[in-house]
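Here is the structure we will look at.
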Amino acid sequence: MIARELILETVMRIPEGRVATYGQVARAAGLPGRARLVGKSLRGLGAESIVPWQRVLGAGGRISIPDAQTARLQRDLLQDEGVRFSGKRVLLAGQLWDEGLDD
């Protein structure tokens, strides 16, 4: 299986209302140290995608998409799922996905 498929399958396991970091997704996909590859793999997926790309964040809960319109879309999609923010960061406590305990 190619790396992109592993990454997309891993992101599909993140439950609604939970988030994960790029590095966390890379590790869960068996690709430790490949956080940038996670970002590349998710780039271009939009609101219509079945892959919940919006649930993947930068370290510390940051939305790290440079395009302001897409970053706003990500925030809106997360808020629609009940994800809580403090300023520009997601409050990770209680919302960070534990890949060993899929909800």
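Annotations for the structure displayed:
- Against the empirical curve 2.2 N^0.38 Å, the C-alpha radius of gyration of the chain lands at a ratio of 0.97.
- Sparse packing (at most 16 other Cβ atoms within 10 Å of the Cβ) combined with a DSSP loop state is found for the following GluC sites (Glu not before Pro) in region 2-99: GLU16, GLU48, GLU81, GLU99.
- Counting Lys and Arg as +1 and Asp and Glu as -1 over every other residue whose Cβ lies under 10 Å from the Cβ of ARG27, the net charge comes to 0.
- Footprinting exposure proxy ranking of ARG34, ARG84, fewest other C-beta atoms within 10 angstrom first, gives ARG84, ARG34.
- Over region 3-90, Cα pairs under 8 Å with separation of 6+ residues give a relative contact order of 29 percent.
- Amide H contacts of PHE85 (H built 1.01 Å from N, in plane; Pro and chain starts excluded): LEU91 sit under 5 Å, all sequence-distant by 5 or more or on other chains.
- Spacing of the modelled spin labels on ALA71 and ALA47, each 7 Å from Cα toward Cβ, amounts to 1.9 nm.
Bear in mind these aren't lab numbers, they're just calculated from the coordinates by the rules spelled out. Note that the coordinates shown come from a computational prediction; the quantities given were computed from them, not determined experimentally. Neighbour counts are summed over all protein chains in view; Cβ atoms, including those assigned to glycine, are modelled from backbone coordinates with ideal geometry.
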